[in-house]
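Asks: What follows is a structure written as structure tokens; I'll ask about it next.
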Amino acid sequence: MYTWLRKQKERIISPVLDWVQVEVTTFCNAACIYCPHTTAREGWQNFHFPLTLFHKLLPSLNHTNLVFLQGWGEPLLHPDIFEMVRLCKKWNKKVGFTTNGILLNKENIHTIVDLQLDILGISFAGATPATHNHIRQGTDFDTVVAALEYMRRIKVEKKVTKPAIHLAYIMLASNFDELRLFFPIAKKVGARQVVGSNLTLISNPQLSREPLFNHPQQLNEYHRALIKIKKEAADSKILFAYRGPGLDETSLVCPENVCRSCLVNVTGEVSPCVFTNPILSGSPGKAADKQMKVVFKRRSIPVETFSFGNINNAEFTRIWESGKYRKFRRLFNPEAELSAGEILAGMPPFCKTCYKRLVSS
Ligand code: SF4
């Protein structure tokens, strides 16, 4: 009776959000060279999000539009991923996740199409097998493209349009030349959208040459190329969304929609984005020299992640409405009309050193 009442109350008072990202797993079957899962593998903690906790969370998402089952891991490794999709659908949520594509076999493709998953994101790091497979180690370009072509055929046969295919291309100095070649592939697999992301979490000093913004002499060239690519993509009816390539050092705007979205991480911690996800800080009590560090302005600094509470111990809505979380959101709410000094003074250390905030819009 108490559980039923709790669920009903949570359902009614839950916040109105655009999306909630749920980190369903921190296991991964790939070893992308730029991912903290690879660069900070020592001490990395692998967990699956418990299905019981997912059941507990769902009433709190009553007024949330989209549930994105994604964090620092490969969602298709979760033994209950399709049950989670089913549950979201039962609660009338839009649902999606991004995969590295390794497990997009025929059986999983049929299940995804039959479940009417709304968005399927697939990560790429090149337009040729040599480049993609070198950067996204453990994945295979040709296999992933073939799987997406198969999915396209199945959708046509079943006369359905879901899932919408969104391709994510990480734009690095070493693969930028291939970005343009990627769009014919996107068209071939029926993608509606390509998102060009920047490397904004530099978790290893050896990666410092990869972010586009670390090449000031080439920024104009990158900028012109991106405009041209966007136009060509639009002509092929593909939306190309990107930020950058340069930095806006004065930016105080968080691009992660933190006032109307958040992350629930694999252990139930609620934080604003994947970068502030406590899983990146590693196991509690980890020796300082083993703590994950990121490179910011040529300095190596420890990752200071944070959470506003854990849904194992408190209702999601109570965490979202807590004074501390409200205070944080106010910093990034344009309606609060805070001065630059007030925003900077209140910003958590990790947001102060966040390249995602500084990449130009
Ligand atoms: S400023 Fe950066 S670290 Fe802070 S919430 Fe936004 S994206 Fe996350």
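Asks: Just to be sure I follow: if Rg is taken over the C-alpha atoms of the chain and Rh is the Kirkwood radius over the same atoms, what is Rg/Rh?
Replies: Working: Rg = 20.3 Å, Rh = 21.4 Å.
Dividing the radius of gyration by the Kirkwood radius yields 0.95.
Asks: Roughly how big is the chain's charge dipole about its Cα centre, with Cβ charges of +1 (Lys, Arg) and -1 (Asp, Glu), in debye to the nearest 20? Could you put the intermediate results ahead of the total?
Replies: Numbers: 46 positive and 31 negative charges, 139 e Å.
The calculated dipole for the chain is roughly 660 debye.
Asks: Still on this model: Over segment 232-277, what relative contact order in percent results from Cα pairs under 8 Å that are six or more residues apart? All intermediate terms of the calculation are to be shown ahead of the outcome.
Replies: Values: 23 pairs, mean separation 9.5, N = 46.
Rounded, it is 21 percent for segment 232-277.
Asks: Residue by residue, what Karplus-based ³J(HN,Hα) values in Hz, rounded to whole numbers, does segment 345-356 have, using 6.51, -1.76 and 1.60 with θ = phi - 60° and x for Gly and Pro?
Replies: Ordered by residue, 3J(HN,Hα) equals 5, x, 5, x, x, 5, 5, 5, 10, 9, 5, 4 Hz.
Asks: Another question about this same structure. Of the cross-linked pairs LYS90/LYS324; LYS188/LYS230; LYS9/LYS162, which ones have a Cα-Cα span greater than 23 Å in the structure shown?
Replies: LYS90/LYS324; LYS9/LYS162
Asks: Assign one of three labels to segment 206-309, namely rounded, prolate or oblate, based on the Cα gyration tensor with a ≥ b ≥ c the square roots of its eigenvalues; rounded applies when a/c is under 1.5, prolate when it is not and a/b is larger than b/c, and oblate otherwise. The partial results should precede the final answer.
Replies: Values: a/c = 2.68, a/b = 1.57, b/c = 1.71.
Because a/c hits 1.5 or more and a/b fails to exceed b/c, segment 206-309 counts as oblate.
Asks: Looking only at Cβ-Cβ distances, which cysteines of the chain have no other cysteine closer than 4.7 Å?
Replies: CYS28, CYS88, CYS254, CYS259, CYS262, CYS273, CYS351, CYS354
Asks: Can you sort SER60, SER236, SER261 so the residue with the fewest Cβ neighbours within 10 Å comes first?
Replies: SER236, SER261, SER60
Asks: Moving on. Calculated FRET efficiency, GLU221 and VAL156, Cβ-Cβ r, R0 56 Å, to nearest 0.05? Please list the in-between numbers first.
Replies: Working: r = 39 Å, r/R0 = 0.70.
Efficiency, from the Cβ-Cβ distance: 0.90.
Asks: If you rank VAL253, VAL194 by fewest surrounding Cβ atoms within 10 Å, what's the result? Let's see the in-between values first.
Replies: Values: VAL253 13, VAL194 25.
Going from least to most buried by this count: VAL253, VAL194.
Asks: Restricting to the chain, compute how many DSSP beta bridges are antiparallel as a %, nearest 5. Please list the in-between numbers first.
Replies: Working: 11 of 42 bridges.
Around 25 percent of the beta bridges assigned by DSSP in the chain are antiparallel ones.
Asks: I would also like to ask the following. Relative to the Cα centre, what is the charge dipole magnitude of segment 40-148, using +1 at the beta carbon of each Lys and Arg, -1 at the beta carbon of each Asp and Glu, and rounding to the nearest 20 debye? Present the calculation step by step, with values, prior to reporting the outcome.
Replies: On the way: 9 positive and 9 negative charges, 82 e Å.
It comes to approximately 400 debye.
Asks: Another one. Quick query: amide H of GLY121 versus all other amide H atoms, modeled in the peptide plane; which residues come in under 5 Å with a sequence gap of 5 or more or a different chain?
Replies: PHE97, THR98, THR99, HIS166
Asks: I've got another one for you. Provide Rg over Rh for segment 150-232; use the alpha carbon set for both Rg and the Kirkwood Rh (inverse mean inverse pair distance).
Replies: Numbers: Rg = 15.9 Å, Rh = 14.6 Å.
Result for segment 150-232 is an Rg/Rh of 1.09.
Asks: Quick one: order THR161, THR128 by neighbouring beta-carbon count within 10 Å, fewest to most.
Replies: Numbers: THR161 11, THR128 15.
So the residues, fewest neighbours to most, are THR161, THR128.
Asks: For TRP19, list long-range residues whose amide hydrogen, built 1.01 Å from N in the peptide plane, is under 5 Å from its own amide hydrogen.
Replies: ASN65, LEU66, CYS262
Readers should treat all values here as calculations from the given coordinates under stated rules, not as data from a laboratory. Bear in mind that the values here come from a model prediction, so they are computed numbers and not experimental data. When we count neighbours, we look across all protein chains shown, and the Cβ atoms used for this are built from the backbone with ideal geometry, even at glycine.
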